[in-house]
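Notes for the one structure printed next.
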Amino acid sequence: MFRRIGIRSLAVAFAVLLVAVVLVKIDDSRKGDQTFNSQLTSFSTTKVTAIELTPKQGAEKMLRFEKHNNHWNIVIGGKILSADNNVVVRMLSAISDLKARSLVSSSEKKFDDFGVADSSGTHVVVYEGKEKLADLVLGKFTYSKPHNLTTYVRLMPGNDVFAVEGYLPMLFNRKVDEYRDHRIVHMVTSDITKLAFSYATGKSFTLVNEDGKWKVNGVTADSAKVAGYLQKLGNLKGTAFAEKNEVNSAPVATLDITRKDEEPIVTVTAYQDGQEQLVKSSQNPSAVFNDPKAYKTVFVPKNYFKP
């Protein structure tokens, strides 16, 4: 009798144990289905040779960024425009080591909710030569306290939508001009040895550094005024681009900047195009700036430097 009870108890215990094992396996299986690879992208920014950026539908056209001799250019509508290298590097750094906080959806029906549909997201493709290093769609972002910014990202091809840290739309949803190189003049001012101002009115002059002393047409200049002018000139940026990339009219003024060690002369040219005061620079030849302030900063009269 005791033997029968013992066998029954063992059988019940075994059945309970078997059910428990099955439940654990089912739970583990469910958890396994929910796991994901949190490393969404991993590439070296120095190896990138091109980026294709397609803003959400109805915004700008597709932009293609191409690197030549370590400088980035923007290719759009048959035009090649000089890009701001620092802006492009920040873009790449933001997505080169992208890690997911969570997998929020695997359903195509949820694309619009997270802003990652083809029509609502920003499509970014990163290349090394012809090889794709990353292909993703950037969607909506959310903010929660304290200082918690989240962007939704979809890897292409696929339906998985992930939440990642950061405000990526700020870097990738911009107007073309915000990606461009705004520099008019960029150089070490202590290398400048001569400035030759030429005006269509005939009031031309030269400012030359002779043995550490600046002279205007051979007459000693005000050193403080020269220093102030060079400080503004050495890192001069334009604030607004003209709609045109070339100017057909004759220049109204030019500034030729000569530097030490026989470096190429840098030429800044001014044009009066109707009511617009336009500026071009040989250091940024793809840009024409519509910037009266820069125009007045560069092109000053001879008496500007008088003591």
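The values are calculated or read from the model by the stated rules, or taken from the named source; none is laboratory data. Note that the structure is predicted; figures quoted are calculated from it, not measured. Counting neighbours? That spans all protein chains shown, and the Cβs are built from the backbone with ideal geometry, glycine included. For the accessible areas, the whole protein counts, side chains as well, though only heavy atoms, and no ligand, DNA or RNA atoms are used. Shrake-Rupley method; radii C 1.70, N 1.55, O 1.52, S 1.80 Å.
What the table shows:
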quantity	calculated
Those strands (runs of 3 or more DSSP E) lying entirely in segment 190-307 with at least 3 residues without any contact (Cβ under 8 Å) to a residue 40 or more places away in the chain	205-210, 266-273, 276-281
Residue within segment 174-187 that is over 21 Å from Thr239 (Cβ atoms) and in contact with a Leu (Cβ under 6 Å, 6 or more places away or on another chain) present	no
Residue in segment 98-139 that is farthest from the chain's Cα centre (by Cα), counting only those that are among the acidic types (Asp, Glu) and under 19 Å from Lys56 (Cβ atoms)	Glu108
Residue match in segment 120-139 (condition: farther than 30 Å from Leu278 by Cβ, assigned to a loop (DSSP other than H, G, I, E, B) and open to solvent by less than 10 Å² (accessible area, probe 1.4 Å))	yes
Restricting segment 43-96 to residues that are β-branched (Val, Ile, Thr) and either assigned to a helix (DSSP H, G or I) or in contact with a His (Cβ under 7 Å, 6 or more places away or on another chain) (or both), the residue that is nearest to Arg183 (Cα to Cα)	Val87
Every pair of residues 6+ apart whose Cβ atoms lie under 7 Å, when the first sits in segment 36-52 and is in contact (Cβ under 8 Å) with a residue 60 or more places away in the chain and of a type in the set (A, V, I, L, M) while the second is in a loop (DSSP other than H, G, I, E, B) and buried (at least 18 other Cβ atoms within 10 Å of the Cβ)	Leu40/Leu98
First in segment 92-109 and open to solvent by less than 20 Å² (accessible area, probe 1.4 Å), second anywhere and β-branched (Val, Ile, Thr) and assigned to a loop (DSSP other than H, G, I, E, B), Cβ under 6 Å, 6 or more apart	Leu92/Val48; Ile95/Thr41; Leu98/Thr41
Selection within segment 140-154 - under 21 Å from the mean Cα position of the chain (by Cα) and open to solvent by 20 Å² or more (accessible area, probe 1.4 Å)	Lys140, Phe141, Leu149, Tyr152
Number of the condition not met by Asp177 [criteria: (1) part of a helix (DSSP H, G or I); (2) under 18 Å from Thr254 (Cβ atoms)]	(2)
The lone exception for Arg101 - which of (1) at pLDDT 95 or above; (2) not in a loop (DSSP other than H, G, I, E, B) it fails	(1)
Residue in segment 181-195 that is touching an Asp or Glu at 6+ places or on another chain (Cβ under 7 Å), surrounded by 15 or more Cβ atoms within 10 Å (Cβ to Cβ) and acidic (Asp, Glu) present	yes
Odd one out for Lys79 among (1) at pLDDT below 95; (2) open to solvent by 40 Å² or more (accessible area, probe 1.4 Å); (3) under 22 Å from Val137 (Cβ atoms)	(3)
Only one of Pro251, Pro264 that is open to solvent by 50 Å² or more (accessible area, probe 1.4 Å) and touching a Phe, Trp or Tyr at 6+ places or on another chain (Cβ under 6 Å)	Pro251
